[in-house]
Amino acid sequence: MDKLSALIFDVDGTLADTERDGHRVAFNRAFEEAGLDWFWDEARYGALLRVTGGKERIRLYVSEDWPDLLGAPDIDARIRSLHAAKTRHYLALLEAGAIPLRPGVRRLLQEARTAGLRLAIATTTTPENVTTLLRTTLGTEGLRWFEVIAAGDIVPAKKPAPDIFRLALSELGLAPTVCLALEDSENGLRAALGAGLPTVVATSGYTRDQDLSGAVAVLDGFGEPGAPVTVQAGTPPAAGHVDVASLKTWHRLAQTGL
Ligand code: XBP
Ligand code: MG
């Protein structure tokens, strides 16, 4: 049976609950700055989240609400420009400390490093969003905890395609059987499973009602000592919160079913 060697983390919704009060707010600020009367409320953003990638999400919105714009000769450039502005606003939110790590994430990362587990990231979001989130929450030292950061447009197909997880595995030089993916959403779970990765899902505000079948465990977060997680599917963590021992148990169960 293969020993667990590495954890591959998703970012948005997994390391931090970034969507409702982070990315969504940044999109709306970019629209306002561009003089557009576009506004994504929480419910609409939740629906648009079915598409990963900020530029792809803007295009989906345009196709639904402003379909005539899709034919404009400069539509690609306008989407890129809007998304660049959105990223600027999102980075400003991160620098202001507006987006903390989810409870238990810092503890779990430190425990994983102490246990000698290698750490990587596989995310759809823009690379600078990742490095800035890590730096503003874990410091420049924390940024170095991750050997691989696979992010954004670096792959042709975004989640639920497995490309970004396959890239992370390739850069780690590891087989999926010695790794565990940590995700928050159905798109992310499908991507990780597509890459052959056993996957633990910590649902976030927008994802707890999604189809998360195939995950080795589905929880409402990572928990902390004294603040146990609620288990939606799979074997509950013995300690009540996610720790390295529970990750190793889930990894073994994914391989043996026992
Ligand atoms: C989540 C996404 C990203 C973010 C927005 O990525 O789908 O598109 O919503 O970031 P993941 P960008 O869950 O894989 O971390 O605007 O930079 O795409
Ligand atoms: Mg996610």
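Read-outs throughout are calculated quantities, based only on the coordinates presented, and are distinct from any laboratory measurement. Just so we're clear, the structure is a prediction, and the values are computed from it rather than from any experiment. Every residue, glycine as well, gets a Cβ built from its backbone with ideal geometry; the counts of neighbours run over all protein chains shown.
Go ahead and estimate [θ] at 222 nm for the chain from helices alone: -39,500 (n - 2.57) per DSSP H run with n ≥ 4, summed, over the residue count, rounded to 500.
Values: 9 runs with 109 residues, N = 258.
Calculated from helices alone, the mean residue ellipticity at 222 nm is -13000 deg cm²/dmol.
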Let me understand region 19-95 better: what is its radius of gyration from the alpha carbons, and its Dmax, in angstrom?
11.7, 37
In region 2-98, which trypsin sites (Lys or Arg not before Pro) are in a loop and have at most 11 other Cβ atoms within 10 Å, using DSSP for the loop call?
K3
Once amide hydrogens are built 1.01 Å from N within the peptide plane, the residues lying 5 or more places from Q232 or on another chain with amide H under 5 Å from its amide H are V218, L219, D220
With θ set to phi - 60°, apply the Karplus curve 6.51 cos²θ - 1.76 cosθ + 1.60 along region 108-121 and write out the HN-Hα couplings as whole Hz, x wherever there is a Gly or Pro.
5, 4, 5, 5, 5, 5, 4, 7, x, 7, 7, 10, 9, 10
Looking at region 1-55, which chymotrypsin sites (Phe, Trp or Tyr not before Pro) are DSSP coil and have at most 12 other C-beta atoms within 10 Å of their C-beta?
F39
Which of rounded, prolate or oblate describes region 88-235 when judged by the alpha-carbon gyration tensor and an a/c cut-off of 1.5?
rounded
Degrees, to the nearest 10: 127-143 long Cα axis against longest axis of the chain
40 degrees
Expressed in µm² per second, the diffusion coefficient of the chain from the Stokes-Einstein equation, with Rh the Kirkwood radius over alpha carbon pairs, at 4 °C and 1.567 mPa s, is 69 µm²/s
Once each part is reduced to its C-alpha centroid, what is the distance from region 233-249 to region 58-112 in angstrom?
32 Å
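Given the Cα-Cα distance of E33 and D21 and 0.36 nm per residue of separation, how much length would full extension add, in nm?
Computed gain between E33 and D21 is 2.5 nm.
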Check cross-link reach from K86 to the aspartates and glutamates: straight Cα distance under 12 Å, and skip same-chain residues fewer than eight apart.
E32, E33
Extended-chain gain in nm, criterion 0.36 nm per residue less alpha-carbon gap, W66 and T140:
22.4 nm
Using a Gaussian network model of the chain whose springs link C-alpha atoms within less than 10 Å, name the residue from G152, G240, G226 with the highest mean-square fluctuation.
G226
³J(HN,Hα) across region 76-92 via Karplus (A = 6.51, B = -1.76, C = 1.60, θ = phi - 60°), whole Hz, x for Gly/Pro?
5, 5, 5, 5, 4, 5, 4, 5, 5, 5, 4, 4, 4, 5, 5, 4, 5
Taking the DSSP beta bridges in the chain as the whole, what percent of them are antiparallel, to the nearest 5?
20 percent
With r as the distance between the Cβ atoms of S213 and D153 and R0 = 22 Å, compute the FRET efficiency 1/(1 + (r/R0)^6) and round to 0.05.
0.15
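Run the numbers for I75 and A175: contour at 0.36 nm per residue of separation, minus the present Cα-Cα distance, in nm.
Details: separation 100, 0.36 × 100 = 36.00 nm, distance 4.05 nm.
Fully extending the segment from I75 to A175 adds 31.9 nm.
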